[in-house]
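First comes the structure, then the notes that go with it.
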Amino acid sequence: MPIMEKEPARDQGSQVLPKVSVPPLKQTLDMYLRCVQHLVKEEQFKKTKAIVEKFGAPGGVGEVLQKKLLERRDKTNNWVYEYWLEDMYLNNRLALPVNSSPVMVFPKQNFRDQKDALRFSARLIRGVLEYKALIDARALPVDFARGQLAGTPLCMEQYYRLFTSYRYPGLKTDTLKVQMNTASSVPEHIIVACKNQFFVLDVTPNGKQLNETEIFSQLEKILKMSNNAEERLPPFGLLTSDGRTEWAQARDVLTKDQTNRDSLALIESCICVVCLDEPCGLEPRDTTRALLMLHGGGREKNGANRWYDKSMQFVVGMDGVCGVVCEHSPFEGIVLVQCSEYVMKYITGTPSKMGSAASVRELPPPRRLLWKCNTHIQGLLTAAGDRLQRLVNNLDMDVFTFDAYGKEFIKKQRMSPDAFIQVALQLAFFKCRGRLVSTYESASIRRFQEGRVDNIRSATPEALAFVKSMTDERVAYTDSEKMKRLRDAINAQTNYTIAAITGMAIDNHLLGLLRISKELNLERPEIFCDETFMASNHFILSTSQVPTTVEMFCCYGPVVPNGYGACYNPQSNHILFCVSSFWENTETSSAVFVKALNEGLLEIRDLCNRSSAAASKPADSKVANSSKGAGQPQKSGK
């Protein structure tokens, strides 16, 4: 269960945000049927339709659950928040790296030597402390929605969890703890990982925060201490890379010893983790850096130089491979982006405040965290390392920069860039597999108190009609028919996006109804046992737009064994895609998907260009009207 010291909903600017609604039951059930009809066989759909109609019938179980859900809405700031957090993250037993934790990959840094890397790290830590000071002072400007329905103030709660959260492993479910008290007693330390050893860097010794020169000097001491082979301890960070139940069991073993309890307490209360990585000896292409950020390259490289439970881990490789690993349960990607961009701008933009070494005050040296190990724990470390290695060997990643066009071209077509890219992803999948599948696109519901996300189901009937017109070799569709279907698909996607960001999508609602039925100890309603429901929640395509304004990119792994993760970052004249899948599954291949995506994006561009050319010929005015018929100009993004 998430444990938080609750505060009242804070004013955003000057107004309290509205509570997220519970959509009308009939609306959700109708939308659900529309989302799944074209993705399942006809026989199966007939069965599903009957089940759904029974569930939603007057006096049926759906009405009972809906009434309880409405009562829950009245009693809570956000009726779905805890249900969603447990379902999406805390109940999930998979290892955090690759499966759950997204990463931010920074441009490769060109460090001249180790000292240069430590200077960069010292500036990074100063940048983090300045950003944290803004958060602590409640001085971050309120975010306002961009893209669809722009201008609404957004909930800022997630920012207050950036440096105060820790995800404890549990045997059945994890616990997200957030320290809400901003009392001066809160520990002010960072954990520095170096050569799989962990060190405590007190950033406010004697009540005065370290300056950049002092941080640099402390990092030099840490590096020196980590080189001392006699004092080197086993790689305990590996345990946090394991499945959550395995890590919970291992943690129970560790905590039998006071030394281990003390070390864990210091890690669990830190501001963040800074990982000083060894050179990995690999060519630093985008794809390689993405892989190394996601899993550290396993125990032979930097995979044990991590502590995955902590929300923010800043990685600085001595070879210039840098980025951020984030534990996803406390906040969404946009918060990771804002923090990462602030820190990168701080590093590159502020003149160095490095004073002379003489100006460094006498500081207590950083402390190495100590661990007590025995043969049992040694066995757990080996097993965790083996499982991490399998994950490393399994991840198939392809970071692809599509440079034929970007947002500008799409906006010229009077289309939303996000909707356009989603339709292109559907086309790519269809080219690979000849069908569409249940697709997840995260939609922010931060317009509401404590809002996180709901799901945009991008595999719409309109998207299917469009991709068929682009790939069917038996029927020759005219350009104007393809163009109409493209606009219909983009409009359907845009309308679903608007529904989702205004709290009217179906996934959170269905989850709420299911959870209420469990709380009432009812037999699981048939709608939630139906194979259509199971398939509709198995997201073979998991997608997310994570745009940045500073050069960097986000990526993550697939959420199911036979799936793809597709994260994209649209820029003015290019689009960066990070496509991930698993080698162990023979149905998926990131390279094959990227090839289909590239082809599809070029085909859609050519279609748009041919249609525009036809429309600008005066003689073809009739064609012009028909190809422009569908779709009004759309704003971009979400």
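Counting only DSSP beta bridges whose two residues both lie in segment 519-579, roughly 50 percent are antiparallel. Here the label points at His574 and Thr471, each 7 Å from Cα along the C-beta direction, are separated by 2.8 nm in the simple model.
With a probe of 1.4 Å, find how much accessible area segment 311-445 has per residue, and write the answer as a whole number in Å².
With all protein chains present, segment 311-445 gives 36 Å² per residue.
Please report, as a whole percent, how much of the solvent-accessible surface of the chain comes from carbon and sulfur atoms (probe radius 1.4 Å). Please list the in-between numbers first.
Numbers: 13560 of 25690 Å².
C and S fraction of accessible area: 53 percent.
Annotation: the antiparallel percentage among DSSP beta bridges lying fully within the chain is about 70. Count the lysine pairs in segment 109-258 whose Cα atoms lie under 24 Å apart, taking only pairs 8 or more positions apart in sequence or on different chains. Lysine pairs satisfying the spacing and distance rule in segment 109-258 number 10. With the highest mean first, a sort of the peptides 42-51, 260-269 on other beta-carbon atoms found within 10 angstrom per residue produces 260-269, 42-51.
Distances between placed amide hydrogens fall under 5 Å for Val315 paired with Cys275, Gly323, Val324, Val325, all partners being 5 or more residues away or on another chain. One equal scatterer on each Cα of segment 120-244, no solvent, Debye formula: the resulting log10 I(q)/I(0) at q = 0.18 Å⁻¹ is -1.17.
As a calculated quantity, the FRET efficiency between Asp386 and Leu70 at R0 = 41 Å, using C-beta atoms, amounts to about 0.25.
Against the empirical curve 2.2 N^0.38 Å, the C-alpha radius of gyration of segment 187-235 lands at a ratio of 1.22.
With no solvent and one point on each alpha carbon, what is the Debye value of log10 I(q)/I(0) for segment 423-522 at q = 0.14, 0.18, 0.24, 0.25 Å⁻¹? Summing over Cα pairs of segment 423-522 leads to -0.63, -0.86, -1.17, -1.22.
What is the dipole size for segment 416-490, taken about its Cα centre, with +1 at each Lys and Arg Cβ and -1 at each Asp and Glu Cβ, in debye to the nearest 20? Walk me through the numbers on the way to the answer.
Details: 13 positive and 10 negative charges, 23 e Å.
The dipole of segment 416-490 has a size of about 120 debye.
Ignoring lysines fewer than eight residues from Lys617 along the same chain, the ones with Cα atoms less than 17 angstrom from its Cα are Lys628.
Using C-alpha pairs below 8 Å separated by at least 6 residues, the relative contact order for the chain is 20 percent.
Give me the extension gain from Leu363 to Arg34: residue separation times 0.36 nm, minus the current Cα-Cα distance, reported in nm with one decimal.
Taking Leu363 through Arg34 to full extension adds about 112.0 nm, to one decimal.
In whole Å, how far is the Cα centre of segment 87-128 from that of segment 278-331? Going from one Cα centre to the other spans 6 Å. The convex hull defined by the C-alpha atoms of segment 100-152 has an orientation-averaged projected area of 6.5 nm².
Between Leu140 and Lys518, what length in nm is gained on full extension when 0.36 nm per residue of separation is reduced by their alpha carbon distance?
Numbers: separation 378, 0.36 × 378 = 136.08 nm, distance 3.96 nm.
Extra length available between Leu140 and Lys518 comes to 132.1 nm.
For the chain, list the DSSP H helices whose alpha carbon atoms reach 27 Å or more along the long axis and whose average Kyte-Doolittle value is 0.0 or above? Span-like helices in the chain: 590-616. Taking label points 7 Å from Cα along the Cα-to-Cβ direction, Ser269 and Val550 give a separation of 3.0 nm.
Taking N as the number of residues in segment 381-421, what value does Rg over Cα atoms divided by 2.2 N^0.38 Å take? Don't skip to the answer; put the middle values down first.
Working: Rg = 19.6 Å, N = 41, 2.2 N^0.38 = 9.0 Å.
Computed over Cα atoms of segment 381-421, the ratio equals 2.17.
Taking every DSSP bridge with both residues inside segment 267-338, close to 50 percent are antiparallel. Evaluated over the Cα positions of segment 52-136, the convex hull gives a direction-averaged projected area, one quarter of its surface, of 10.9 nm². Estimated from the Cβ-Cβ distance and a Förster radius of 41 angstrom, the FRET efficiency linking Val592 and Gln27 is about 0.60. Taking a straight Cα-Cα cut-off under 17 Å and skipping sequence neighbours fewer than 8 places away in the same chain, the aspartates and glutamates within cross-link reach of Lys68 are Glu82, Glu519, Glu523. Panel note: the C-alpha atoms of the chain, placed on their principal axes, show extents of 81, 60, 52 Å (largest first).
The values are calculated or read from the model by the stated rules, or taken from the named source; none is laboratory data. The shown structure was predicted, so the numbers you read here are calculated from the model rather than taken from an experiment. Counting neighbours? That spans all protein chains shown, and the Cβs are built from the backbone with ideal geometry, glycine included. Accessible surface is based on the protein model in full, side chains and every heavy atom, while ligands, DNA and RNA are left aside. Shrake-Rupley method; radii C 1.70, N 1.55, O 1.52, S 1.80 Å.
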